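Peer 1: Here it is: the structure, laid out below.
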Amino acid sequence: MDSDSSDPSLASRLEILRRRWQYPAIITPACILLAIFVAYVMTPLYRSSGTIMLEPSSVPKEFLGLDTTTYADHQFELVQRRVMTPENLRQLVAKIDPYPDRPDLTPTEKARMIADNTEIERVDPITLETLQQSNAFSIHYLNPNPERAKAVANELVALFLDYNARTRRERAAGTYHFLQSEAQKLAESIRGMEAKLAEFKAKYGDALPQAQARNLQAQDMAQRDYDSTMAQVRLAEQRVSMLQLQLNDLSPTLVGAVADRRTELATLRAELAAAEQRYTQDHPDVRRLRRAIAELAAQDQATRAPAAKPDNPEYLRVSAELDAAKRDLNALRAHANRALQQVQDYSRRLASTPTVEKEYAQLARNYELAQESFREVQAKLTEADLARSLVAEEQGERFTLIRDPGTPSSPAVPNRLGIILLGFVLGTALGFGAAMFAELSDPTVRGASDLQLLTGHTMIAAVPALLNSSERRSRRLRFACVVGAFSAAIIAVGAAVLSASS
Amino acid sequence: MIIEQAIERMRRQSPNTQRAALSVSGMRRDDTLTAPPVELKFARVDYDLDTCERCHILVPETDGNETATGATAYRMLRTRVLHLMRSNRWSTLALTSPGAGEGKSVTALNLALSLAREQNQNVFLIDLDMSNPSVCAYLGIAPPRGIVHFFAGQVEPQQVFFTIGIERLALAGGIEATPYSSELLASGRLELLLKYVQSVSPGALILLDLPPVLATDDFLVAAPRADATLLVIAEGLTRRDGVVRAMEVLSGFTLAGVMLNRSRERVTDYYGRRYYYTKRSTSAAHAR
C-alpha cells in the first residue's frame, strides 16, 4: 500500500502539481479554446497547387549539346524570375481578378499580392514532397476563395509552360544562329590564312626546309662547275699569252727590213752594252752606238707606225688564233662568274632557312588551329541544328504538367490542427510554468518536507484546512462558475467554428 | 472502519485494555492513569453550534465532511501528543504559532476536544492570548468570568473555569481583549492557576493557548510555565522566514513538536493508512 515514488524529484513535482493543479487546469484548457477560436476565426486561405516536371529528352543527351539540360539544375531561379514578372502578373490580374473583394487595390498591387501568395518549391515528382534536388517543382497559390485559387494557379502554371516552350525555341534557334555566324567567321579567317601561306611559300619557297637537300645538291654542283670552269680559264689565259708572244715576234708585213733592223738593233744593243762596260759614256764608240741605235729605232718606228695592212700570212694566222683564244677566255670567265653567283645564291638560301622555317611553322600552326576550330564549330552546328529540330518536334527536354491545380477542399491557412496543437502545447507549458512560478515565488511554508527543512523537526501531525458548509458552498459555487465559464467558452468557440466552416 | 469502531467500543468498556495496549507500544506506565479522572464541577456554558461550525470547531454535533476529515487528522494529532506527554511526563503543553491567524486557537480547541474524548484524563484549555482572545469567540460563548479578571486578582481559580457540556473538558478564557496581557501573565497568577488545576484534577492535561511567538513577548513570559511547546504552522500562510525566526525564539524552550495546519499533505497514520483529505471520510462514527 505504501508505494512512495522512488524518484524524489518526481515525487516533489507531483506534490507541487497536487498543490497547484488549478493553474494548469484553468490555463491549459483556456489556451486550447483560444487556439481553436483563433484557428477557425482567422480568414481561411485555400491553396491550389500545380506541379511541373522537367521531362528528360527522348533523345540521348550526347546529341543535344550542353545547353538543353541545364534547366533543372541552374535555371530554376531564372525561370521563376522571368515568369513571375509584374508585367505577366498584371496581365493575369486583367484576365482573372483574384481579389474582387478588394476594389481599393490597383492591378499592380494585386499583382504583387499574387507574387506574395505564390510559393514555388522543388518537389519530388512522385511523392510531391519538398526536395532539395529535383527535376519537378510545385507552384502553390493561396487565395481566400478556393475557385479563384484554382483559376490563378492554373494561369501561373500556364505561364510557366508557355515560357518554357517559347524560350526553348528561342534558345535553340539562338544557339544555331550563333554557331552559324561563328563558322562563317572562322571560314573567312581560314581563307585569309591560306592566302598568306601561299604568298609566303611563293616568296620563300626555295628557302623552305623542304628545299634544303635540293639546295645543298645544287650548291655542290655549281661549285664543281665553277671549279672546272676556272681551270679552263687558266688554260685559256696561258694560250693567249703564248699566242701574244708569238705574234710579237712576227712582222706584220712581208718587208724583211724590219726583221733585219731588228736583228741589227739587237746586235747594236748588245755591242752598246759591252762597250758601256768597257768605256765611259762619252766614249766615241758608245756615242756612236747610241746614235746608231736611235737611228735604227726611229727607222723601225717609222716603218711600223703606218702599219697599214699586215700582209704577213704567219702574222695573220697567229693574230686570228689569238683573237679566238681571247674570245674563249672571255666566255669562260663569264661562265665562271655565273657559276660563282649560283654558289653564293645557294649558300645564301641555306643560311636563311632557319628564319624562314620559324615563320613558316607559325603560319602553318595558326592555319591548323583555325582549321580545327572550324571543324569543331561545324560539328556543333550540326548538333544545334539537330537540337533545333528536336525542340521544333517536341522531342527535347520540356516542362510537363504532372499535377493540375485543383480546387482545394479545405483551407491551407490557417493550419487549424497546427494552431490547436500549438495552443495545446503552449497552454500546457504555460499552465505548468505558472504552477511552477507560483510555487517558486511563494514565500510560505509548503508541505511536511519544507517544514522539516526549516525547523529540523519532524512534523508530528498535519491537519487539513477545515471547511464549513458555507465555505464548501462557495467553493462549489466557484467550481461551478469555472465549469460554466468553460462550457460557455466551448459553446462560443463551437459556434464560431461552425459559422466559420459553413 | 469496523475495526476502529470495535476499538473505540473496547476502550469505552475497558480502560485497562487500552492501557495494556499503550504499554505494549512502549509507553511508560503512569500512576495517574490508573485512577479514573475526577468529575469536573465547574459552571456550564453551552456552546453555539452554528458558531462552532463556522469557526471549524469540531464539537460532537458538527457532522459531515468537515468533521470527518478533520476528526481523523485531530485524532492523529491527539495520539501523538498524548504519546509525547506521557512518555515525557509532561502535563502542560503550550500551543503557539509564528504569526497570528495561523489556526493556533482552532487547533488548541480541537485538540482539547479530541483529547477529552479519551476517557483517561481531564483536559484543561486555558486561553492565554489575552490581547486577542478567541477560544470563547469560536465557541460562541461568553464565559461567566473572564480570565483577565483572574489575572487581575478579581476572581478565584475555581471561578474562572467552566465546562461546555463535554465530559472531561474544562476551559478558561475570555472575550475582552487587554493591552496588558504581558504584565498580567508575568504577575505569577499563572502558577496559581496551574497549581489549582493540578490539585483539582491530578494527571489532567493542560493546554495553554499562547499568543503568537513573533507578535508579542507574551510567549516568552508564559512559556517557562509550560512543560513543552507545540508550534503550529499554517501551510500557505506562515512565511518560511517566520518559521525560522520562531524556531530561534523557541530554541530556549522544550519543543514538543511542529504541526502543520491547513495542510494539503497526505499523512500516514500509525497503521500505515494513508489519508487523502480530498476524500470523503468514512469515520463519521467517531464524531460522537
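Peer 1: Using a simple charge model, +1 on the beta-carbon of Lys and Arg, -1 on the beta-carbon of Asp and Glu, nothing else, what dipole does chain A show about its Cα centre, in debye to the nearest 20? The partial results should precede the final answer.
Peer 2: Working: 60 positive and 62 negative charges, 170 e Å.
About 820 debye.
Peer 1: Kindly state, to the nearest 0.05, the FRET efficiency for A:GLN277 paired with A:ALA213, given R0 = 60 Å and r defined as their beta-carbon distance. Could you put the intermediate results ahead of the total?
Peer 2: Values: r = 72 Å, r/R0 = 1.20.
Working from the Cβ atoms, E equals 0.25.
Peer 1: So, one more: Given R₀ = 56 Å, FRET efficiency for A:ALA202-A:GLN133 by Cβ-Cβ distance, to 0.05? Numbers along the way, then the final one.
Peer 2: On the way: r = 62 Å, r/R0 = 1.11.
The calculated FRET efficiency here is 0.35.
Peer 1: Turning to a different aspect of this structure: If you plug each phi of the range A:472-484 into the Karplus form 6.51 cos²θ - 1.76 cosθ + 1.60 with θ = phi - 60°, what whole-Hz ³J(HN,Hα) values come out, in order, with x for Gly and Pro?
Peer 2: Rounded to whole hertz, the list is 5, 4, 5, 5, 4, 5, 4, 4, 4, 4, 4, 4, x.
Peer 1: Can you list residues whose amide H is under 5 Å from B:ALA234's amide H, if they're 5+ apart or on another chain and H is modeled 1.01 Å from N?
Peer 2: Close amide H contacts, sequence-distant or interchain: B:ASN261.
Peer 1: Right, another one. Compute the angle between helix A:212-248 and the longest alpha-carbon principal axis of chain A, please, reported from 0 to 90 degrees and rounded to the nearest 10.
Peer 2: 10 degrees
Peer 1: Here's a follow-up. Let me have the relative contact order for the range B:39-287, percent, based on Cα pairs under 8 Å that are six or more residues apart. Write down the numbers at each step before the final one.
Peer 2: Values: 466 pairs, mean separation 71.6, N = 249.
With pairs under 8 Å counted, the relative contact order is 29 percent.
Peer 1: Continuing with the same structure: Report, in debye and to the nearest 20, how large the dipole of the range A:317-391 comes out about its Cα centre when Lys and Arg carry +1 and Asp and Glu carry -1 on their Cβ. Working shown, then result.
Peer 2: On the way: 12 positive and 11 negative charges, 96 e Å.
Around 460 debye, computed over the range A:317-391.
Peer 1: Would you mind ranking A:CYS481, A:CYS31, B:CYS52, B:CYS136 so that the residue whose beta carbon has the fewest other beta carbons within 10 Å leads the list? Walk me through the intermediate numbers first.
Peer 2: Numbers: A:CYS481 10, A:CYS31 20, B:CYS52 23, B:CYS136 26.
With the sparsest Cβ surroundings first, the list reads A:CYS481, A:CYS31, B:CYS52, B:CYS136.
Peer 1: Run the quick spin-label model on A:GLN246 and A:ALA115: label points 7 Å from Cα toward the beta carbon, then report their separation in nm to one decimal.
Peer 2: Reported label-point gap for A:GLN246 and A:ALA115 is 11.9 nm.
Peer 1: Where does the charge balance sit around A:LEU332 when Lys and Arg score +1, Asp and Glu -1, over other residues with C-beta under 13 Å from its C-beta? It would help to have the intermediate numbers written out before the result.
Peer 2: Details: positive: A:ARG234, A:ARG239, A:LYS326, A:ARG327, A:ARG333, A:ARG338; negative: A:ASP225, A:ASP227, A:GLU237, A:ASP328.
Result for the neighbourhood of A:LEU332: +2.
Peer 1: Any idea which of A:GLN133, A:VAL463, A:PRO146 is furthest toward the positive side of the dipole for chain A, if Lys and Arg beta-carbons carry +1 and Asp and Glu beta-carbons -1?
Peer 2: Highest projection toward the positive end goes to A:VAL463.
Peer 1: Name the residue from A:ALA11, A:ALA35, A:ILE190 whose Cα lies farthest towards the positive end of the charge dipole of chain A, charges +1 on Cβ of Lys and Arg and -1 on Cβ of Asp and Glu.
Peer 2: Result: A:ALA35.
Peer 1: Let me make sure I get this right: for the range A:209-376, a, b and c are the square roots of the gyration tensor eigenvalues over alpha carbons, sorted descending. Under 1.5 in a/c it's rounded, otherwise prolate if a/b > b/c, else oblate. Which is it?
Peer 2: On the way: a/c = 5.75, a/b = 3.59, b/c = 1.60.
Verdict is prolate for the range A:209-376.
Peer 1: Step through the residues of the range A:112-125 one at a time and calculate ³J(HN,Hα) from phi using the Karplus curve (6.51 cos²θ - 1.76 cosθ + 1.60, θ = phi - 60°), rounding each to whole Hz and writing x for Gly and Pro.
Peer 2: 5, 5, 4, 4, 5, 8, 9, 10, 10, 9, 6, 10, 6, x
Peer 1: Just rank B:SER105, B:SER134, fewest to most, by other beta-carbon atoms within 10 angstrom.
Peer 2: Numbers: B:SER105 28, B:SER134 21.
The most exposed by this proxy come first: B:SER134, B:SER105.
Peer 1: Mind jotting down the three principal axis lengths of the range B:169-265 based on Cα atoms? Whole angstrom, largest first.
Peer 2: Largest first, the range B:169-265 extends 40, 30, 29 Å along its Cα principal axes.
Peer 1: Please list, ordered by chain and number, the residues whose modelled amide H lies under 5 Å from the amide H of B:ARG168; skip anything fewer than 5 residues away on the same chain.
Peer 2: Under 5 Å from the amide H of B:ARG168: B:LEU40.
Peer 1: Within the protein assembly as shown, what percent of beta bridges assigned by DSSP are antiparallel, to the nearest 5? Write out the running numbers ahead of the final one.
Peer 2: On the way: 25 of 54 bridges.
So the antiparallel bridges in the protein assembly as shown amount to around 45 percent.
Peer 1: Just counting partner chain Cβ atoms within 10 Å, what average do the residues of peptide A:441-453 show around their Cβ? All intermediate terms of the calculation are to be shown ahead of the outcome.
Peer 2: Values: counts 0, 3, 5, 11, 17, 7, 6, 7, 1, 6, 11, 1, 2.
That average works out to 6.
Peer 1: Something else: Explain nothing, just the number: relative contact order of chain A, from Cα pairs under 8 Å at least 6 residues apart, as a whole percent.
Peer 2: Computed over chain A, the figure is 36 percent.
Peer 1: Sequence-distant or interchain residues sharing an amide H contact under 5 Å with A:LEU401, placed H: which?
Peer 2: HN-HN under 5 Å from A:LEU401: A:MET53.
Peer 1: Taking GluC sites (Glu not before Pro) as candidate sites, keep only those in a DSSP loop with at most 12 other Cβ atoms within 10 Å, then name the longest stretch of chain A containing none of them.
Peer 2: Values: sites that count: A:GLU129, A:GLU393, A:GLU394.
Of all site-free stretches, the longest is A:130-392.
Peer 1: Here is a follow-up. Within 10 Å of each Cβ in B:252-262, how many Cβ atoms from other chains are there, averaged over the peptide? Write out the running numbers ahead of the final one.
Peer 2: Values: counts 0, 0, 0, 3, 2, 6, 12, 7, 12, 7, 6.
Mean inter-chain Cβ contacts per residue within 10 Å come to 5.
Peer 1: Just to be sure I understand the model, the point goes 7 Å from the Cα along the line to the Cβ. What's the resulting A:ALA485 to A:ASP385 distance in nm?
Peer 2: A separation of 8.6 nm, rounded to one decimal place.
Peer 1: Something else now. Based only on Cα atoms, what Rg/Rh ratio does chain A have, Rh being taken as Kirkwood's radius? Don't jump to the answer; show the numbers that get you there.
Peer 2: On the way: Rg = 64.0 Å, Rh = 38.4 Å.
Over the Cα atoms of chain A, Rg/Rh equals 1.67.
Peer 1: Using θ = phi - 60° and the Karplus relation 6.51 cos²θ - 1.76 cosθ + 1.60, list the HN-Hα couplings for the range A:133-148 in order, rounded to whole Hz, with x at every Gly or Pro.
Peer 2: For the range A:133-148, the Karplus curve yields 10, 7, 9, 10, 9, 10, 10, 9, 10, 10, 8, x, 10, x, 5, 5 Hz.
Peer 1: Here's something else I'd like to know. Distance between Cα centroids, the range B:117-159 to the range A:90-135: provide it in whole Å.
Peer 2: The two parts, judged by their Cα centres, are 88 Å apart.
Peer 1: What pairs in A:LYS95/A:LYS380; A:LYS203/A:LYS326; B:LYS104/B:LYS195 have C-alpha atoms more than 32 Å from each other? Numbers along the way, then the final one.
Peer 2: Numbers: A:LYS95/A:LYS380 43 Å; A:LYS203/A:LYS326 41 Å; B:LYS104/B:LYS195 24 Å.
Pairs exceeding the cut-off: A:LYS95/A:LYS380; A:LYS203/A:LYS326.
Peer 1: I'd like the mean, over residues of A:342-355, of how many other protein chain beta carbons sit within 10 Å of each residue's own Cβ.
Peer 2: Values: counts 0, 0, 0, 0, 0, 0, 0, 0, 0, 0, 0, 0, 0, 0.
Mean shielding count: 0.
Every read-out reported here was derived from the displayed coordinates using simple, explicitly stated rules and does not represent laboratory data. Small disclaimer: the values here were computed from a predicted structure and weren't measured. Glycine gets a Cβ as well: all are built from the backbone with ideal geometry, and neighbour counts include every protein chain shown.
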